[in-house]
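The values are calculated or read from the model by the stated rules, or taken from the named source; none is laboratory data. Because the structure is predicted, anything quoted here is derived from the model rather than measured. Neighbour counts are summed over all protein chains in view; Cβ atoms, including those assigned to glycine, are modelled from backbone coordinates with ideal geometry. Accessible surface areas use protein heavy atoms only, side chains included; no ligands, DNA or RNA. Shrake-Rupley method; radii C 1.70, N 1.55, O 1.52, S 1.80 Å.
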Amino acid sequence: VEIEIPAFIKLIAQGKFLQAAEKIKEKNSLAAVCGRVCPQETQCETSCILSKKTKPIAIGALERFAADWQLRQRSEKVAKIGKRTRAKVAVAGSGPAGLTCAGDLAKMGYRVTIFESLHQSGGVLRYGIPEFRLPKKILDAELDYIQGLGVQIQNNILIGNTYSIKELLSGGYRAIFIAVGAGLPQFLGIPGENLDRVYSANEFLTRVNLMQAYLFPKYDTPINLGKKVAVIGAGNVAFDAARSARRLGAAEVVIVYRRSEKEMPARIEEIENAQEEGVRLRTLTLPVKIIGDAQGYVRAMQCLQMRLGEKDASDRRRPEAIAGSEFTMDLDTVIIAIGQNPNPLLTKVTPELKTKENGTILVNGQTQQASLKGVYAGGDIATGAATVISAMGAGKRAARAIDKYIRGER
Ligand code: FAD
């Protein structure tokens, strides 16, 4: 997202912490979020020249420090903005892509409204990533900052249904940025997935993070968690679900993954933290059936032992089942975290918007422009499930392109 990394580190070294935070915020409206959840070890820190010989500078930790310092001082200067007299722009979705695009456009003087289908804002940062990794008060402070730039957020509005794209364009919005994410969970397609106490990680984390399910009946939405939990998958989402389950009191939580630990897509930090908290890893294991009891609750899971073969298209060694290796794990809860697909609600009712076979919206990679005039898209809805920083990068590119489009340069 184009942060001037050497410049902000120099300011920190000089003890100018507020200026350092302001330097970051020139480019990144969600600094305290990125400092916490971005996989810096595979992103900014790989460009650090020190990483060739030893450990890189801890750029992510420094970003987090400067952003938190600014939040503590409560002296956040709202970025210099021109008068918000320029055209109206609509943004669908208040995740990192939508917030970044909205913030950048507001800084340029546009009147931006974000329409968010949920009753609270922040996208995955709110309903997916747990409190212990990203405290809600940090997200709230970042949202305050963006609203302080003049961005309006309207909740409980599902773009495509409440208002169509056409209605927004004819209702005075000169451009629209679609940033509706990849919130549709994938399932295993094995027998037993409809049993009670089988959750998608998406549903499980939403109940916990957004609906305060652990405070039922004080809050409306309950959560029914057993004592022996298997989480299928090994990405960040799986580890967030596993750690949440432990914190909700599950005695045994095991990550079930069909490859080895080396291939796990989650951040190393997440894997280590989960193990410290008592989450076990059961690698080279493929679930084939979930077994229920007479009441329809999960009782066990039948699995196959795997071994790794040749590399596949993802450049990871392909897991292969070992013949005759069936075994059963005793369990009472299964959480499925094997990936998310693009959210189809908006594209289904907007057939003129071109999509790829996997359901992502087709865009120009430089400008994020979609197949309709004045309509842009970015973040997980255009890439498939990815990262906070890649969603933010798309938001930035779209803001720039929307500005050019409205000013008639494109
Ligand atoms: P989202 O964050 O999904 O936001 C989309 C928003 O659009 C949502 O609020 C949704 O309610 C709203 N919406 C959907 N449809 C409509 C509609 N029709 N109208 C209006 N609003 C709509 N990435 C990292 O970099 N680091 C991590 O540690 C990390 N951990 C993760 C943990 C979990 C549990 C999950 C699920 C993801 C994680 N990711 C992580 C991935 C990262 O959060 C996503 O890549 C990122 O949030 C995508 O941003 P986005 O703005 O495209 O979409």
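Within the range 95-135, being part of a helix (DSSP H, G or I), more than 8 Å from the ligand (Cβ to nearest atom) and either without any contact (Cβ under 8 Å) to a residue 24 or more places away in the chain or among the hydrophobic types (A, V, I, L, M, F, W, C) (or both) holds for Cys101, Ala102, Leu105, Ala106. When the range 136-152 is filtered for residues that are among the hydrophobic types (A, V, I, L, M, F, W, C), assigned to a helix (DSSP H, G or I) and touching a residue at least 60 places away in the same chain (Cβ under 8 Å), the ones remaining, listed by number, are Ile138, Leu139, Ala141, Ile146. When the residues of the range 42-56 are filtered to those that are open to solvent by less than 50 Å² (accessible area, probe 1.4 Å) and in a helix (DSSP H, G or I), the one that is modelled with the lowest pLDDT is Ser51.
Could you tell me how many of the residues in the range 174-189 are open to solvent by 30 Å² or more (accessible area, probe 1.4 Å) and either part of a strand (DSSP E or B) or closer than 19 Å to Arg86 by Cβ (or both)?
Qualifying residue count, the range 174-189: 3.
Listed conditions (1) under 24 Å from the mean Cα position of the chain (by Cα); (2) surrounded by 16 or more Cβ atoms within 10 Å (Cβ to Cβ) are all met by Leu169, apart from (1).
Residues checked against (1) at pLDDT below 95; (2) within 16 Å of the ligand (Cβ to nearest atom); (3) in contact with a Gly (Cβ under 7 Å, 6 or more places away or on another chain); (4) basic (Lys, Arg):
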{"site": "Arg246", "(1), (2), (3), (4)": "no, yes, yes, yes"}
{"site": "Ala251", "(1), (2), (3), (4)": "no, no, no, no"}
{"site": "Glu270", "(1), (2), (3), (4)": "yes, yes, no, no"}
{"site": "Gln275", "(1), (2), (3), (4)": "no, no, no, no"}
{"site": "Pro287", "(1), (2), (3), (4)": "no, no, no, no"}
{"site": "Asp293", "(1), (2), (3), (4)": "no, no, no, no"}
{"site": "Met301", "(1), (2), (3), (4)": "no, no, no, no"}
{"site": "Phe327", "(1), (2), (3), (4)": "no, no, no, no"}
{"site": "Ile335", "(1), (2), (3), (4)": "no, yes, no, no"}
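For the range 263-273, the count of residues that are free of Cβ contacts under 8 Å to residues at least 24 places away in the same chain and buried (at least 20 other Cβ atoms within 10 Å of the Cβ) is zero.
Scan the range 28-40 and give yes if some residue there is over 22 Å from Ile129 (Cα atoms), in contact (Cβ under 8 Å) with a residue 40 or more places away in the chain and part of a loop (DSSP other than H, G, I, E, B), otherwise no. Don't jump to the end; show me each part of the working.
Filtering the range 28-40 down to residues over 22 Å from Ile129 (Cα atoms) leaves none.
No, the range 28-40 contains no residue that is over 22 Å from Ile129 (Cα atoms), in contact (Cβ under 8 Å) with a residue 40 or more places away in the chain and part of a loop (DSSP other than H, G, I, E, B).
Does Ser94 satisfy the condition of being within 23 Å of the chain's Cα centre (by Cα), buried (at least 23 other Cβ atoms within 10 Å of the Cβ) and hydroxyl-bearing (Ser, Thr, Tyr)? Answer is yes for this residue. Within the range 1-26, the residues that satisfy the criterion of being in contact (Cβ under 8 Å) with a residue 60 or more places away in the chain and not in a helix (DSSP H, G or I) are Val1, Glu2, Ile3. Just a yes or no: is a residue in the range 367-388 away from the ligand (no atom under 11 Å from the Cβ), touching a residue at least 12 places away in the same chain (Cβ under 8 Å) and of a type in the set (Lys, Arg)? Taking every residue of the range 367-388 in turn, none turns out to be away from the ligand (no atom under 11 Å from the Cβ), touching a residue at least 12 places away in the same chain (Cβ under 8 Å) and of a type in the set (Lys, Arg).
Checking each residue in the range 280-302 for being touching a Lys or Arg at 6+ places or on another chain (Cβ under 9 Å) and more than 19 Å from Asn224 (Cα to Cα) picks out Thr283, Leu284, Thr285, Leu286, Pro287, Gln302. Within the range 389-410, being away from the ligand (no atom under 16 Å from the Cβ) and open to solvent by 10 Å² or more (accessible area, probe 1.4 Å) holds for Arg400, Asp403, Lys404, Tyr405, Ile406, Arg407, Gly408, Glu409, Arg410. Determine, yes or no, whether Ile157 is open to solvent by 10 Å² or more (accessible area, probe 1.4 Å), in contact with a Phe, Trp or Tyr (Cβ under 7 Å, 6 or more places away or on another chain) and either aliphatic (A, V, I, L, M) or farther than 26 Å from Leu205 by Cα (or both). So Ile157 passes the test. Of the residues Ile406, Ile361, Ile389, the single one that is more than 27 Å from Cys38 (Cβ to Cβ) and β-branched (Val, Ile, Thr) is Ile406. Among the residues of the range 148-164, those that are of a type in the set (Val, Ile, Thr) and either at pLDDT below 95 or more than 10 Å from the ligand (Cβ to nearest atom) (or both) comprise Val151, Ile153. Within the range 263-302, if we keep just the residues that are β-branched (Val, Ile, Thr) and in contact with an Asp or Glu (Cβ under 8 Å, 6 or more places away or on another chain), the residue that is farthest from Phe187 (Cα to Cα) turns out to be Ile268.
Taking (1) surrounded by 15 or more Cβ atoms within 10 Å (Cβ to Cβ); (2) closer than 27 Å to Tyr127 by Cβ; (3) among the β-branched types (Val, Ile, Thr) in turn, Thr283 satisfies each apart from (2).
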